[in-house]
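Working notes for the structure below.
Read the figures in this text as sums done on the coordinates, not as results from a lab. What you see is a predicted model; the values in this text were computed from it and never measured. Please note: Cβ atoms are built from the backbone with ideal geometry, for glycine as well, and neighbour counts cover all protein chains shown.
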Amino acid sequence: MNGPIGIFDSGVGGTSIWKEVHQMLPDERTIYLADSKNAPYGEKPKEAILQLCIKNTEFLLEQGSKIIVVACNTATTNAIDYLRSIYKVPFIGIEPAIKPAALHTKTKRIGVLATKGTLSSQLFHNTSKLHAQGIQIVEQEGTGLVELIEAGKLESEEMGDLLYDYVKPMLKADIDCLVLGCTHYPYLIPILRRLLPETVQIIDSGEAVARQTKAILLKNKLQNTETGLKRKNQFYSNTDSTVLKSLLGDGRHEIACLDF
Ligand code: DGL
């Protein structure tokens, strides 16, 4: 089936997922929607997140998406059950990788850096309860991180200071795994690596999401069959797209402006 894989995030962070999906499925068309005007989702009430997810889904469906990747932990943990209940297309979500961290930790203490919206969601609580029995989870809200990334201030002093404050309690608790529970955060890995000892493994779910996307495409016989596709990867943003462009890291990508 030759529709694109639709991918959305509250902003530019989901490009970390787009890269994994594109790498694993290079013959598929993709369409990425960055709802940066409404970022961050993580500070909004569940109902508001739900409405934004519906708006994003409707847009991607209008573009003919055959499958939708919710490339946002906050959107997944708050809205994916609802989206699955009202739309027919398959949805792939992303949530903090508690299970792999719980299997890997030796100190039995893991850190989770995520948005307020993710950490307070029922899905996050259920997953933690199910997969992290006997393991201490040091939760940390990443307040301000998404805003700085959206503003292109990845390498700023402010970012370094915030991250230092956020990892301090985790190191004090002797974690040996840090779960990145937000798709914006993989872009922080170089800074986090400088702040964390080598013994702390950083875990994110990007590759797992790409693997799952491939599995769902195969299971539903939705793989692309067309060759020589034109306009293979499309990007949409509803704000200035400079940061999106720089994170994609390849000047060839055109970004269309959306007004919603
Ligand atoms: N990338 C989103 C996530 O994974 C960021 C959420 C936000 O906008 O606060 O949760």
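Points worth noting:
- Peptides 88-100, 41-53 ranked from most to least packed by the mean count of surrounding Cβ atoms within 10 Å: 88-100, 41-53.
- Under a 5 Å amide H cut-off, with hydrogens placed 1.01 Å from N, residue 67 pairs with 6 among residues at least 5 apart or on other chains.
- Per-residue HN-Hα couplings for segment 63-69 [Karplus 6.51, -1.76, 1.60; θ = phi - 60°; Hz; x = Gly/Pro]: 7, x, 4, 9, 7, 10, 9
- Distance between the C-alpha centres of segment 149-199 and segment 203-260: 26 Å, rounded to the whole angstrom.
- Rounded to the nearest Hz, the phi-derived 3J(HN,Hα) couplings of segment 158-175 under the Karplus curve 6.51 cos²θ - 1.76 cosθ + 1.60 (θ = phi - 60°) are 4, 5, x, 5, 4, 5, 4, 4, 6, 8, 3, x, 5, 5, 4, 7, 6, 6, where x marks glycine and proline.
- Sequence ranges 176-186, 55-65, 225-235, 202-212, ranked by mean other-Cβ count within 10 angstrom, highest first: 176-186, 202-212, 55-65, 225-235
- Given charges at beta-carbon only (K, R positive; D, E negative), |dipole| of the chain in Debye: 920
- Sequence-ordered 3J(HN,Hα) estimates for segment 203-218 from the Karplus curve with 6.51, -1.76 and 1.60 and θ = phi - 60° stand at 10, 10, 9, x, 5, 4, 5, 5, 4, 5, 4, 4, 4, 5, 4, 5 Hz, glycine and proline given as x.
- Built amide H within the under 5 Å cut-off of residue 239, gap 5+: 36, 37, 258
- Relative to the current alpha-carbon distance between residue 214 and residue 82, full extension at 0.36 nm per residue lengthens the span by 45.3 nm.
- Residues whose placed amide H lies under 5 Å from that of residue 44, excluding near-sequence neighbours: none
- Among 105, 118, 242, a tally of other beta-carbon atoms within 10 Å of each Cβ gives an order, fewest to most, of 242, 105, 118.
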